[in-house]
1. Starting from the Kirkwood Rh over alpha-carbon pairs, what translational D in µm² s⁻¹ does the range 350-449 have by Stokes-Einstein at 37 °C and 0.692 mPa s?
2. Determine the distance separating the Cα centre of the range 7-68 from the Cα centre of the range 267-346; give it in Å without decimals.
3. Treat each spin label as a single point 7 Å out from the Cα along the C-beta direction, and report the residue 372 to residue 58 distance in nm.
4. Which peptide among 334-344, 187-197 comes first, and what is the full order, when sorted by highest mean count of other Cβ atoms within 10 Å?
5. Restricted to Cα positions, what overall size does the chain have along the principal axes? Three whole-Å values, descending.
6. Would you please classify the overall shape of the range 132-201 from the alpha carbon gyration tensor, given that a ≥ b ≥ c denote the square roots of the eigenvalues, rounded means a/c under 1.5, and beyond that prolate means a/b larger than b/c while oblate covers the rest?
7. Tell me the Kirkwood radius of the range 4-103: reciprocal of the mean inverse pair distance over distinct alpha-carbon atoms, in Å.
8. Restricting to DSSP H runs of at least four residues, report the calculated mean residue ellipticity at 222 nm for the chain, -39500 (n - 2.57) per run over all residues, nearest 500 deg cm²/dmol.
Ligand code: ADP
């Protein structure tokens, strides 16, 4: 087992990793930017190292600084959390070269899954159904027109290096394509430093469904069921749940088996998430794989009883999957609301000082957060304030628990998404599981009218 781990992240996920390390008896090192000096991850880690100014490019994304902190404190491993350096293959390589275990898949796998067009090809070759689309990167407008004609409109232009819902453009007809193609390439270049884009059939009313997987370093992979993440704004998730109300046991079994087989073939290890879109007739297609722990991992933890972070750490030491998780039995239903510091109507971020912070509790409620009264949500990073998770024996019970927990979660001083999430929990379509990725558009219009 590792002796000491450095956590190359901040906020709730840094605390979540500290929790896991404490339970495993592993010492922890926090790294922090100047803006996070008074953060809880700094307080609760055994050691803490300042790695630079507020801007993430100079601190949390600064590979030499993170590696120096790891060397000075003499850690065995680095947990990258999500975002920041978590899917950075170069970082994973530098860790390896410095004899520090990167808690995640190998650099080669990070590279493969980081290039979404390559991930599509690999998954298709391994027998997983993928969204119909171009055969890889589309080099120019002429090729884009030809590919779109073959795929048939509407299509979506996507950045191969994309993430966070950025670098996507929906195109409904041939005359819109050249403009959208150019804009998507520019956006991709600006946001990710590479202009490469590919095309996919645009699925009109999809549900977003993803499988949680764990793999060991001995070739074994398993899945821990699915999460439904269709409640999104700007292609970003706001509410997630497990299991999905749209997936029947047979489909889960069949698709789950295909995912496991494909990832064993590819040689995946550590935690990961395989994302799919389900169209209106129930067909399901791969869109991408996230080769890291996901924000919404707690809903899977609640229904399977598996601690995904502890599992990730143990798998990174070379332990076998069978010894780490055994055969988990899924039970009940869990929902997560991402409580963001943002205006609940316009989604404009709302950084600032929290004056009152009262978290709910009671049966079935879990809150993952690094926020507290008199704490500051800095403008430099993502706007996540807390993750509120409700577990129940049934979906109806988890909704009821989420409703009362949202009523009793008091945050003052900043605007949050709570008012919107309260409305969603009271919505009949949501209660009946009738929704797709456009649910929030409809909701915003109907609640405004
Ligand atoms: P990112 O890596 O930026 O999160 P994804 O490929 O995971 O991008 O897609 C994010 C979201 O964008 C999906 O959950 C879905 O709402 C929408 N989306 C992506 N591809 C398609 C598609 N082919 N058709 C319809 N919606 C899509």
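A short reminder: the numbers here are calculations on the coordinates, not readings from a lab. A quick note: this is a predicted structure, and the numbers were derived from the prediction, not measured. Here the Cβ is made from the backbone with ideal geometry for all residues, glycine too, and neighbour counts use every protein chain on show.
1. The estimated diffusion coefficient comes to 221 µm²/s.
2. Centre-to-centre (Cα) distance: 23 Å.
3. 2.7
4. 334-344, 187-197
5. Projected onto its principal axes, the Cα set of the chain covers 58, 52, 44 Å.
6. Verdict is prolate for the range 132-201.
7. 12.9
8. One gets -10500 deg cm²/dmol as the mean residue ellipticity at 222 nm.
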